[in-house]
Amino acid sequence: MIASTIDSLSLKPPTNLIAFDTPDDRGVSITLKWEIPQDISKIQGYQIFREAEDESLHLAGYAPVNKTEYIDQIDVRNNVPYQYRIRSTSPERLVSLFSEPSQKVYAYPQWFRKDLINVVVITLIYLALLIYFVQAARTGKEIFLRRIPGLDALDEAVGRATEMGKPILYVPGIWPMSEVSTIASMNILKPVAKKVAQYDSKLIVPNRYPIVMNVAQQCVKEGFTEAGKPDKYNEDDVFFLSPNQFAFAAGVNGIMERERPATNLFFGAFFAESLLLAETGNAIGAIQIAGTDRVPQLPFFVAACDYCIMGEELYAASAYLSGDPRLISSIKAQDWGKMGLLISLLLGSVLSIFGITFIISWFTVR
Amino acid sequence: MFIRRTLPILIAFCIGFAMLIQYFIPHPYSERFYDIVVQQWFITIYAFMFIFAYRSFFSHHIRKVKRRKTGYIFSIIAIASALLMAVGGFATRRGDFFDSLYNYLYAPLQATMFSLLAFFIASAAFRAFRARNVQATLLLVTAVIVMIGRVPLGDYLWRGMPDLIEWIMTVPSMAAMRGIRIGVGLGAVATAMKIILGVERTYMGGT
């Protein structure tokens, strides 16, 4: 008993315990910081105790020996004064005396995440650039846009299908409408539908999501109307196939095998089914143009398709196809954004060699 | 015109900006707003849209069967399968019968489709790795090194092989992927902003 008391006294509690409301959060959280004792050879960890007016002192958490911080999120209430104490524990379950109590602390929710100020600044700069270039487009200044072979080949692909008397298959990816790549796909679908209508061909659009199907129907309908052939639009050609990924892939492959489309267009978000679709299309001898922002799927499309639209080109496709100066000018803003990032990247890399890391830390998001 | 064009653009502008601002506000009110708009509204709209989806599904397949189009037998199977799963689920309240359908029919069919990927990868790789020009040859050589290095044979042939593979994957390959991803990120933000500002309207049928 005496020996264990002496052992217990040899364990020192952490010092300088401070408690404060966890910043940039929704409240109900308090952060604790402390300094570890000089001799930690007998310490296994720290027990964290909490008390409030209506809560007696009780164990609220545990931190391993090398930790100097703990975030208490268990049953913490907003606007209630809490006080904390901390003590060391040993592997033999001995405990030290309590540390000095922390000051009283309240948890409360914040209205702004200060840790995301860099994101706000970059977003505002980017927004300003975008608005500037869109406004500048109104002056009629011509903007150079490099050729995108995959999109240039659309005319040829649609024309080939018409000559062969076969349909064109358009797959708008397998993600919902909330995904930017699906929206980009819908932006491409309308000009494609217009071309198809002009060539008097047939467009098949199978869908995995009901909302995407509705938007696709609207886009195709508008495309046919703009081409002056609203009567050629058939709602049954833009249909719902299956909500399941592989059932959808099997269904699309079945359509390829039965309908034998002369042209397959894959634009949107694709995953494991990308190669299943593209290889089947390749096997039936269709001209294939694919575009996705999913980097892991790009090699599959490159291997199996005639043309591949990579990453950001998918987003630029709408501007490219429509020729609308306002949309084209927005691509200029993207280029300036890339230039800014490239300069920051180079500067950050060079400066970090000399131990100057403020650019790197400024771009860090917690 | 107002209902079909202006109102959707206004809604996109208001909700878009609200969601943008919401991202920077950690307050519970903000979380609640997100929960209502994204979770609850989305689920409600999604559930209702399935009515349209299944109307489309049945009308598409029934028409194919009526017209005896090529492969109409698959349409009969599709309709029968959809009805069987629906009736199985409702009638047995997702009981043993439904579970059996799911576990012994639906899941294996999915797995079969997924496993076909291995054969498709082999055929695509065979085509992609033909040394037609300098770039294709470079791709072929790199791919062969990576493939050998990923299996025990690589380590057996040369001790340094796994490190070489790691370097290829984490330096040149990663650099190319990050380049594309930066472009994708900027493009996605630009597209989102164009939609919020009403500059991009193609997706709602207008230009």
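General remarks:
- Considering segment B:123-139, and only residues there that are in a loop (DSSP other than H, G, I, E, B) and of a type in the set (D, E, K, R), the residue that is surrounded by the most Cβ atoms within 10 Å (Cβ to Cβ) turns out to be B:Arg130.
- Count of residues meeting criterion [open to solvent by 60 Å² or more (accessible area, probe 1.4 Å) and touching a helix residue (DSSP H, G or I) at 6+ places or on another chain (Cβ under 9 Å)] in segment B:79-89: 1
- Residue in segment A:289-299 that is open to solvent by 30 Å² or more (accessible area, probe 1.4 Å) and charged (D, E, K, R) present: yes
- Segment B:92-118, subset of a type in the set (Phe, Trp, Tyr) and surrounded by 11 or more Cβ atoms within 10 Å (Cβ to Cβ), residue farthest from the chain's Cα centre (by Cα): B:Phe97
- Here A:Gln245, A:Gln218 are screened, and the one residue that is over 26 Å from the mean Cα position of the chain (by Cα), in the same structural domain as A:Ala286 (by TED's automatic domain parsing) and polar (S, T, N, Q) is A:Gln218.
- On the stretch given as segment B:65-75, residues that are at the interface with chain A (Cβ under 9 Å from one of its Cβ atoms), in contact with a helix residue (DSSP H, G or I) (Cβ under 7 Å, 6 or more places away or on another chain) and open to solvent by less than 80 Å² (accessible area, probe 1.4 Å) total 1.
- Cβ separations smaller than 7 Å between residues 6+ apart or across chains give the following pairs from segment A:268-279 residues that are under 24 Å from A:Ser318 (Cα atoms) and within 8 Å of chain B (Cβ to nearest Cβ) to residues that are open to solvent by less than 10 Å² (accessible area, probe 1.4 Å) and part of a helix (DSSP H, G or I): A:Ala278/A:Phe301; A:Ala278/A:Ala304.
- Qualifying residue in segment B:191-207 (condition: more than 7 Å from chain A (Cβ to nearest Cβ) and free of Cβ contacts under 8 Å to residues at least 40 places away in the same chain): no
- A:Thr15 falls short of the stated requirement of being modelled with pLDDT of 90 or more and under 36 Å from the mean Cα position of the chain (by Cα).
- Qualifying residue in segment A:146-165 (condition: aliphatic (A, V, I, L, M), part of a loop (DSSP other than H, G, I, E, B) and surrounded by 15 or more Cβ atoms within 10 Å (Cβ to Cβ)): yes
- The condition (being more than 30 Å from the chain's Cα centre (by Cα), surrounded by fewer than 17 Cβ atoms within 10 Å (Cβ to Cβ) and within 14 Å of chain B (Cβ to nearest Cβ)) is satisfied by just one residue among A:Asn118, A:Asn78: A:Asn78.
- The condition (being open to solvent by 10 Å² or more (accessible area, probe 1.4 Å) and within 16 Å of A:Glu273 (Cβ to Cβ)) is satisfied by just one residue among A:Asn253, A:Asn234: A:Asn253.
- Looking only at residues in segment A:304-315 that are open to solvent by 20 Å² or more (accessible area, probe 1.4 Å) and touching a residue at least 60 places away in the same chain (Cβ under 8 Å), the one that is nearest to the other protein chains (Cβ to nearest Cβ) is A:Glu313.
- Answer from A:Ser329, A:Ser318, A:Ser361 - the residue that is on the phi < 0 side of the Ramachandran plot, open to solvent by 10 Å² or more (accessible area, probe 1.4 Å) and either charged (D, E, K, R) or not in a loop (DSSP other than H, G, I, E, B) (or both): A:Ser361
- Against the conditions (1) in contact with an Asp or Glu (Cβ under 9 Å, 6 or more places away or on another chain); (2) buried (at least 22 other Cβ atoms within 10 Å of the Cβ); (3) away from every other protein chain (no Cβ under 11 Å), A:Leu265 satisfies every one except (1).
- Against the numbered list (1) more than 29 Å from A:Gln297 (Cα to Cα); (2) of a type in the set (Lys, Arg); (3) within 11 Å of chain A (Cβ to nearest Cβ), B:Arg93 comes up short only at (3).
- Condition met for A:Tyr199 (among the aromatic types (Phe, Trp, Tyr) and surrounded by fewer than 24 Cβ atoms within 10 Å (Cβ to Cβ)): yes
The values are calculated or read from the model by the stated rules, or taken from the named source; none is laboratory data. Keep in mind the model is a prediction, meaning the values are calculated, not measured. As a convention, Cβ positions derive from the backbone with ideal geometry for all residues, glycine included, and neighbour counts pool all protein chains shown. Note: accessible area is taken over every heavy atom of the protein model, side chains too, but ligands, DNA and RNA are not part of it. Shrake-Rupley method; radii C 1.70, N 1.55, O 1.52, S 1.80 Å.
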